[in-house]
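Take a look at the structure set out below.
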Amino acid sequence: MLRELEPIPQALVASFFTWGVTALGAALVFILPKNSKKFLDVSLGFAAGVMTAASFWSLLAPSIEISEQKFGKYACIPVSLGFAFGAFFVHIADRLLPSCLTTDNSVVKILTDKMGGHDSTLPLNGDIDSKVMEESSNSSYTLSSTYDNFNIRHRKQSCRKKDPLEGVDKEAIRLAEQNYALSWRRILLLIMAVTVHNIPEGMAVGVAFGSIGKTHAATFESAFNLALGIGLQNFPEGLAVSLPLVGFGYSKYKAFLYGQMSGMVEPFAALFGAAAVIFMEPVLPYALSFAAGAMIFVVVDDIIPEAQQNGNGRLASIGTIVGFIVMMAMDVGLQ
């Protein structure tokens, strides 16, 4: 069924599949405990292997073949330029949107441990507000305005009887609010960082389907395998967003919604990638290597370091090897 469609509808269907797998990964939050760091790290390692293999067999190999046909012995130039620009694109995106994935601590550790949340001994915002309201019920304010040379002066008619925060550790309040703001900022950065990284992945799907038939290596099978590989890679990404949110205190339903939202950009990016390749065929080798460079940069700069942060580095490395072998077998076996 999918094979009979035109390239743009094919890319759209495939990108909806990758989004759906993101949502499926986020849905694991309903059944996994909130501190399932080992499972997440192994999944991230597996995703890194899948993306690395898919980047070569489904993107770089067709790019090299097309470049050899057009540029002969200079084929490495467009491939290298596209690859470098793809990596540079993700790097600039990270610089414009400082990624919480580049901190010294794991995102999952930060958001599920106490360092990223509230200390139970500290009052939260709601506790502060309720105390202020309780104490201020004994106070009364009236404001009167007098105009003198266009200056408005507010005069307090009666004084507050006592400080509404009297007896509350103000430093503890400040630290609690600071921790809350910092944790919420990390969550936003996590969601936005994963979303930004899904843009080149969606473009890769679109480029792969848009380039079908342009070269011997650019086949429906290779494009399908790439979409499947990106879908497998998106599975732990959805969980990487939803799991920390549950650790931070959000309901599992809200955590799931935020987790799957990171994959929403992929259908739009896939449409753009497919259309660009179809209507601007000369950019095909650059577009394929661009998508490969962007994906490899995400792997080495974000996914692998994140998988190594929680003391499960050996398991994550094994997952990477297994993921690479699985994707390689699919690409080679289904050609």
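Quick notes on this structure:
- Residues of region 221-234 that are farther than 19 Å from ALA294 by Cβ and buried (at least 21 other Cβ atoms within 10 Å of the Cβ): PHE224 alone.
- Residues satisfying the criterion are absent from region 53-69 (criterion: within 18 Å of the chain's Cα centre (by Cα), more than 21 Å from MET330 (Cα to Cα), assigned by TED's automatic domain parsing to the domain that holds GLY247 and of a type outside the set (Ser, Thr, Tyr)).
- For region 297-307, taking the residues that are modelled with pLDDT of 85 or more and out of contact with any Leu (no Cβ under 9 Å at 6 or more places or on another chain), the one that is nearest to ALA47 (Cα to Cα) is identified as VAL299.
- Residue within region 49-60 that is under 14 Å from ILE296 (Cα atoms), of a type in the set (Gly, Ala, Ser), out of contact with any Leu (no Cβ under 9 Å at 6 or more places or on another chain) and part of a helix (DSSP H, G or I) present: yes
- Just one of the numbered conditions (1) in a helix (DSSP H, G or I); (2) over 20 Å from the mean Cα position of the chain (by Cα); (3) farther than 19 Å from PHE297 by Cα is not true of VAL207: (3).
- Within region 268-290, residues that are closer than 14 Å to GLY82 by Cα reach partners that are of a type in the set (Val, Ile, Thr) and not in a helix (DSSP H, G or I) with beta carbons closer than 9 Å, at six or more positions or on different chains, in the pairs LEU284/THR215.
- Any hit, region 215-231, residues being among the hydroxyl-bearing types (Ser, Thr, Tyr), under 11 Å from the mean Cα position of the chain (by Cα) and in a helix (DSSP H, G or I): no
- Of the criteria (1) under 23 Å from the mean Cα position of the chain (by Cα); (2) surrounded by fewer than 21 Cβ atoms within 10 Å (Cβ to Cβ); (3) under 19 Å from ALA227 (Cα atoms), which one MET295 fails: (2)
- Selection status of ALA275, in contact with a helix residue (DSSP H, G or I) (Cβ under 7 Å, 6 or more places away or on another chain), small (Gly, Ala, Ser), in a helix (DSSP H, G or I) and surrounded by fewer than 24 Cβ atoms within 10 Å (Cβ to Cβ): yes
- Any chance GLY263 is farther than 19 Å from ILE64 by Cα, in the same structural domain as ASP41 (by TED's automatic domain parsing), outside any helix (DSSP H, G or I) and in contact with a Ser or Thr (Cβ under 6 Å, 6 or more places away or on another chain): yes
- Annotation for region 64-78: at least one member residue is more than 25 Å from PRO267 (Cβ to Cβ), at pLDDT below 85 and either crowded, with 22+ Cβ neighbours inside 10 Å or polar (S, T, N, Q) (or both).
- LEU245 in the same structural domain as VAL50 (by TED's automatic domain parsing) and either under 25 Å from ASN310 (Cα atoms) or surrounded by fewer than 21 Cβ atoms within 10 Å (Cβ to Cβ) (or both): yes
The values are calculated or read from the model by the stated rules, or taken from the named source; none is laboratory data. Bear in mind that the values here come from a model prediction, so they are computed numbers and not experimental data. Don't worry about glycine lacking a Cβ; one is built from the backbone with ideal geometry, like all the others, and counts go over all protein chains shown.
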